[in-house]
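The values are calculated or read from the model by the stated rules, or taken from the named source; none is laboratory data. Note that the structure is a prediction, hence the values are computed from the model and not measured. Every residue, glycine among them, receives a Cβ derived from its backbone with ideal geometry; neighbour counts consider all protein chains shown.
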């Protein structure tokens, strides 16, 4: 009653194994693309922050640069560290949403597998 012929079992097991292998390759490509596009978005964010900050610095009055805290080296160091800090803050803000999405996805998968029993 629950027994299938060996040839049919082989055929079905081959189908499902190839389906899972294909799904793993699709997952690999999608996750790689996601990381790539997150990197591009982060790079563009830093570039935009740097250009806006530099534009504001350039429009300062001359005496603003006389202050030792606003020397060219200090301003350059501040530009590089501030942009990296903002990128880190964006990652920290987005990370909980990515983790929640993964948790919801696992709950769905767990629920679907419980229905299959």
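Considering only segment 62-70, I want to know if a residue exists there that is surrounded by 10 or more Cβ atoms within 10 Å (Cβ to Cβ), assigned to a loop (DSSP other than H, G, I, E, B) and at pLDDT below 90. Full working, then the answer.
Filtering segment 62-70 for residues surrounded by 10 or more Cβ atoms within 10 Å (Cβ to Cβ) gives 64-65, 70.
Okay, now just the ones that are also assigned to a loop (DSSP other than H, G, I, E, B), so none.
Taking every residue of segment 62-70 in turn, none turns out to be surrounded by 10 or more Cβ atoms within 10 Å (Cβ to Cβ), assigned to a loop (DSSP other than H, G, I, E, B) and at pLDDT below 90.
When you scan segment 71-87, do you find a residue that is within 19 Å of the chain's Cα centre (by Cα), farther than 21 Å from residue 98 by Cα and modelled with pLDDT under 90, even just one? Reasoning before the result, please.
Initially, segment 71-87 is screened for residues within 19 Å of the chain's Cα centre (by Cα), giving 83-87.
Okay, now just the ones that are also farther than 21 Å from residue 98 by Cα, so 83.
After this cut, where a residue has to be modelled with pLDDT under 90 as well, the list is 83.
Yes: one or more hits.
Per-residue answers, yes or no, for (1) over 18 Å from the mean Cα position of the chain (by Cα); (2) free of Cβ contacts under 8 Å to residues at least 24 places away in the same chain:
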position	(1), (2)
30	no, yes
91	no, no
103	no, yes
113	yes, yes
